[in-house]
Amino acid sequence: MDIAILGYDDCLGLGFIGAADLLLLSRRMLKRKDAPEPFRVVTVSYDGATIRDGFGRSHAVDASFATLDNCAAVIVPPFLCDGDHAIPATPAISAAAGWLRRQHALGAILAASCNGVFLLGEAGLLDGRRCTTTWWRHDELKARYPRADAARGAALIEDGRVVTAGGPMSWIDLSFNVIRNLCGAEAAKKAADFTVVDTVPTTQNVYIPPGYVTASNSFLLEAEHIVRQAGDGPITSAQLARAIGVSERTLHRRLKDSTGETPKHFIDRLRFETARMLLETTKNPVKQLASASGFADETSFRRAFRRYAGMTPGAYRSWSQARRGVKS
């Protein structure tokens, strides 16, 4: 089975060579004595020529599109963008989009991280599919590929052999996902243990700055203000709609269009942001934080927190302290 790593000019060098090295290390560990290699790792570019990454470093590749066909999986690294965030408009990118479309049609798993997801969009492979990208490129992804079902803040989404993941370093998660799909869950776990990879947290929501989602939308700003003004008091979608001066149906539609959330999830996310801040800045017990954040009870608080953070409130507090070098 060939696992191809797509190389192209201006790609993130670490995402390109890092994915190749991680897969090669994993293959070495997974190989059994007197058994064939579980997969082959092949770096590939449009014409087989050396690529130059976004920082100007050169990387040789193993194959060209013309000499590598019918891959089991292809990993697409992100690209280093300039101020306008534009995807590189080059013949190589157009050729890559066509090659990716062909590989998928032949049965390959396509896995892209961060803004590398945009190459799958150029290939038309995001249309009608659930997908994600890094949180600060979400709005651009939705605008450029309106037929994609983009989820803000998701760590990794798999839909119809198209796998998308969040930040620039999420090629690590993609590599293990590919191993899991091709070689099984046990093999992926062995590879992760061997490379000593920490997979926590499992969502981007713990990195998105509070208020970022609503910052550029006046309707969302007003809705956020109302929810935060409610403090620890209860607020329903009906109450939020009345406070803004719209019907519940209009509230639901506008939130869905702008954030992909229902009113309840919008309220829960804002209260999750409050709880996250309190966990980082106070030593108050979880039960007290649940009330202070506006949740009806500790159970609903824990359920919502796990949904957004991918971990329990206690685990988040420990993780946050470790990141900041704070002793518990």
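Rule-based calculations on the coordinates, nothing more; no lab input. Predicted model, so just to flag it, every value in this text is computed and none were measured. Cβ placement follows ideal geometry from the backbone for every residue including glycine, while neighbour counts extend to all protein chains displayed.
Between Val246 and Ser94, what FRET efficiency follows from the Cβ-Cβ distance if R0 is 51 Å, with the result rounded to 0.05?
Working: r = 44 Å, r/R0 = 0.85.
The formula returns an efficiency of 0.70 here.
Any idea how far the Cα center of the stretch 214-290 sits from the one of the stretch 135-172, in Å?
If you average the Cα positions of each part, the centres end up 23 Å apart.
To check you understand DSSP bridge types, tell me what percent of the beta bridges within the chain (both residues inside) are antiparallel, rounded to 5.
30 percent
Using a Gaussian network model on the chain with a 10 Å cutoff between Cα atoms, which of Lys283, Lys33, Lys142 fluctuates the most?
Lys33
Taking Kirkwood radius over Cα pairs in Å straight from the coordinates, which label in (i) 20.6; (ii) 21.4; (iii) 22.3 is the correct one?
Answer by label: (ii).
What's the angle, to the nearest 10 degrees (0 to 90), between helix 313-324's Cα axis and the longest principal axis of the chain?
On a 0 to 90 degree scale, this one is about 60.
Work out the FRET efficiency for Asp232 and Lys31 from their Cβ-Cβ distance, taking R0 = 45 Å, and round it to the nearest 0.05.
For R0 = 45 Å, the calculated efficiency reads 0.20.
Step through the residues of the stretch 44-56 one at a time and calculate ³J(HN,Hα) from phi using the Karplus curve (6.51 cos²θ - 1.76 cosθ + 1.60, θ = phi - 60°), rounding each to whole Hz and writing x for Gly and Pro.
9, 9, 3, 10, x, 7, 4, 9, 10, 6, x, 9, x
Which of Ala243, Ala309, Ala150 moves most in a GNM of the chain, Cα contacts under 10 Å?
Judging by the Gaussian network model, the answer is Ala243.
Take the stretch 1-81, compute every pairwise Cα distance, and split them into 5 Å bins from 0; I just need the percent in each bin.
3, 17, 25, 23, 16, 9, 4, 2, 0, 0
If the cut-off is a Cα-Cα distance under 17 Å, which aspartates and glutamates reach Lys256, setting aside same-chain residues fewer than 8 apart in sequence?
The reachable aspartates and glutamates, counting only those whose Cα sits under 17 Å from Lys256, are Asp139, Glu140, Asp149, Glu222, Glu224, Glu248, Asp268.
Using the Cα centre as the reference, give the magnitude of the dipole from point charges on the C-beta atoms of the chain (Lys, Arg: +1; Asp, Glu: -1; all else neutral), rounded to the nearest 20 debye. Kindly include the intermediate steps, with their values, before the conclusion.
Values: 41 positive and 34 negative charges, 227 e Å.
In total the dipole reaches around 1100 debye.
Going toward the positive end of the dipole of the chain, with +1 on Lys and Arg Cβ and -1 on Asp and Glu Cβ, which of Leu156, Ser175, Thr203 do you reach last?
Positive-most Cα among the choices belongs to Thr203.
Too long at a 26 Å Cα-Cα cut-off: which of Lys142/Lys264; Lys31/Lys189; Lys264/Lys287; Lys142/Lys287?
Pairs exceeding 26 Å: Lys142/Lys287.
To the nearest 20 Debye, how big is the dipole of the stretch 126-273 about its Cα centre, given +1 on the beta carbon of each Lys and Arg and -1 on that of each Asp and Glu?
380 debye
Sort out the exposed loop chymotrypsin sites (Phe, Trp or Tyr not before Pro) in the chain (DSSP loop, at most 14 other Cβ within 10 Å) and tell me the longest stretch that has none.
On the way: sites that count: Phe55, Tyr207, Tyr212.
That would be 56-206.
Have a look at Tyr212, Val227, Pro313 and report the one farthest towards the positive end of the charge dipole of the stretch 200-328, computed about the Cα centre with Cβ charges (Lys/Arg +1, Asp/Glu -1).
In the stretch 200-328, that residue is Pro313.
Of all alpha-carbon pairs in the stretch 145-226, indicate the percentage at a distance above 14 angstrom. List each step's numbers first, then the result.
Details: 2370 of 3321 pairs.
Cα-Cα pairs in the stretch 145-226 separated by more than 14 Å: 71 percent.
Counting Lys and Arg as +1 and Asp and Glu as -1, each charge on the Cβ, what is the dipole of the stretch 234-282 about the Cα centre in debye, to the nearest 20?
Values: 9 positive and 6 negative charges, 43 e Å.
The dipole of the stretch 234-282 has a size of about 200 debye.
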